[in-house]
Amino acid sequence: MAGPTQHAHWSSRWTFLLAAVGSAVGLGNIWKFPYEAGEGGGGAFVLVYLAFVFIVGLPVLIAELSLGRRGQLSPIGSMAKIAAEEGRSKAWAIVGWSGVLGGVIVLSFYSVVGGWVLAYLLKALSGFSGYDAAMSTQTFGNFVTDPVNPIIAHFAFLAITIGIVSRGVQGGLEKAVTFLMPALFVLLVGLMLYSAITADFAAALNFLFNPDWGKLNVNTVLQALGLAFFSLSLALGSIMTYGSYLTKDMNIPQSAVTIAAADSGVALLAGLAIFPIVFAYGLNPGQSVGLVFTTLPIAFGQMPGGVIVGTLFFFLLTVAAVTSAISLLEPAVSYVEERTGIDRKKVAVYIGTGIFAMGTLSAWGQSGNVLGNISIFGLDFMGLKDFITNNIMMPLGGMFIAIFVGWFISRKNMMEELTMEEGTFKIWYFLVRYVCPVAVGAVFVSIIYNTVIAG
Ligand code: PFF
């Protein structure tokens, strides 16, 4: 087995920021955030989500970037190396393993939903005219339960992802995000303005920002924490890997604030683009996973210029999903490349093929065949993978990352890596040492209490 090889680096702070925001902004912001906010009752969920992003997510984001940059290796290599340098147990590499494997599991269903988005992009080109609630729900249901088409779409989405990752950091990742991220932002702002002018903006503002605290319960709080981690791409190796391509002269805390602000800003923008349409057309905001696939097409079918708006919307969603998917594949590819020295292109194809197979199970799990009837703890394959990664691996992974940097690395080394002012460092240090572990721990204890003991 060849020894670890040196990673590539970002060519500038700007391309790093685009790539990291590209990883963060994805289906989590434009597909998940609106439907979870819709199900969770709106304003109260949104505020809790924002609080988690800045109080728990941001400190962990800073921690992950700094671990990646210090290690200069894949998440597994970086965790092992830093633990050894600090005289700590090798077992800390498990955090890296959990990230890399979690990323692979997430990508296996992320790319199925990515395939749905691609397929809807094609549907949008021919318009959704005549769609009412029944027809829209039926079309979506027919599509996801079809045994062939979702697999083709899933394959196409993964092929794009593998194509970009196999070209490497500067040749693939940077080139893709430099073009795609500005395009995404312009489209999203345009769509939001269109919604604000033509649809019910006031109702959307009221729904998103007027908290009804009675709607919150332990499950929605856990959901909001999971979403904060998911939407910031935490604990799955992506951010640590992107951190490993950073050079020493880039300011991590400043970059992390920019990433968190852009990420939650896009979630809110997506909400402000989608909910005015939902309310103006009398649709149900609590439509779960189908919100953007079943609800919005009804509106696209009725509004003036709906073919263009609908096409742009699904194009935007495709772009957001692809720039996140590449960051889910990159950690595993960087690990195998680093350990074996095998050509990146081959590694990307091998791992991508495994992910395709795993994803095919999730896709078939949606259909009416044998797999579709399998239910584990009341969840289908896709729901189960989502639950394990989003509600367990990501928050726990984030908690251990916070504990590692807060309690197992010397304060002096952390300060040197982060080059923050003493005052700001103290706040960050307090958050990673106490607030992050306690917040995540408390949410877990209450969910366990509620589901196992009280429920
Ligand atoms: N942050 C991405 C989104 O919001 O869609 C999803 C994601 C990417 C999660 C990378 C985790 C990750 F490591």
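Ordering 138, 91, 121 by the projection of their Cα atoms onto the charge dipole of region 70-202, which places +1 on the Cβ of Lys and Arg and -1 on the Cβ of Asp and Glu, puts 91 at the extreme positive end. Take every Cα pair under 8 Å whose residues are at least 6 apart in sequence, average their separation, divide by the length of the chain, and the relative contact order is 35 percent. Pairs from the list 248/412; 81/426; 90/248; 81/248 with a Cα-Cα gap above 20 Å: 81/426; 90/248.
Is any residue of region 421-447 close enough, with backbone N under 16 Å, to a label point placed 7 angstrom from the Cα of residue 47 along the Cα-Cβ axis, and if so, which? Backbone N within reach: none found. In whole angstrom, how far apart do the alpha carbon centroids of region 122-162 and region 17-64 sit? Cα centres, region 122-162 to region 17-64: 26 Å.
With both labels modelled 7 Å from their Cα along Cα-to-Cβ, the residue 170 to residue 86 distance reads 3.2 nm.
Straight-line cross-link partners of residue 32 among the lysines, defined as a Cα under 28 Å from its Cα and at least 8 positions apart when in the same chain: 123, 175, 215, 385. Computed from label points 7 Å out along Cα-Cβ, the spacing between residue 435 and residue 145 is 4.7 nm. Mean projected area of the Cα convex hull of region 133-234, taken over all directions, amounts to 10.6 nm².
About the centre of its Cα atoms, the chain shows a dipole size close to 780 debye [charges on the beta carbon of Lys, Arg (+1) and Asp, Glu (-1) only; nearest 20 debye].
Among complete DSSP H helices in the chain, those whose alpha-carbon atoms stretch at least 30 Å along the helix's long axis and whose mean Kyte-Doolittle hydropathy reaches 1.6 are 93-125, 175-198, 252-280. Over the chain, dividing the summed -39,500 (n - 2.57) contributions of all DSSP H runs of at least 4 residues by the number of residues returns a 222 nm mean residue ellipticity of -22500 deg cm²/dmol.
Values quoted throughout were computed directly from the atomic coordinates according to the rules given, and no laboratory measurement underlies them. Since we're looking at a predicted model, the values are computed, not measured. All Cβ positions, glycine included, derive from the backbone under ideal geometry; neighbour counts span all protein chains shown.
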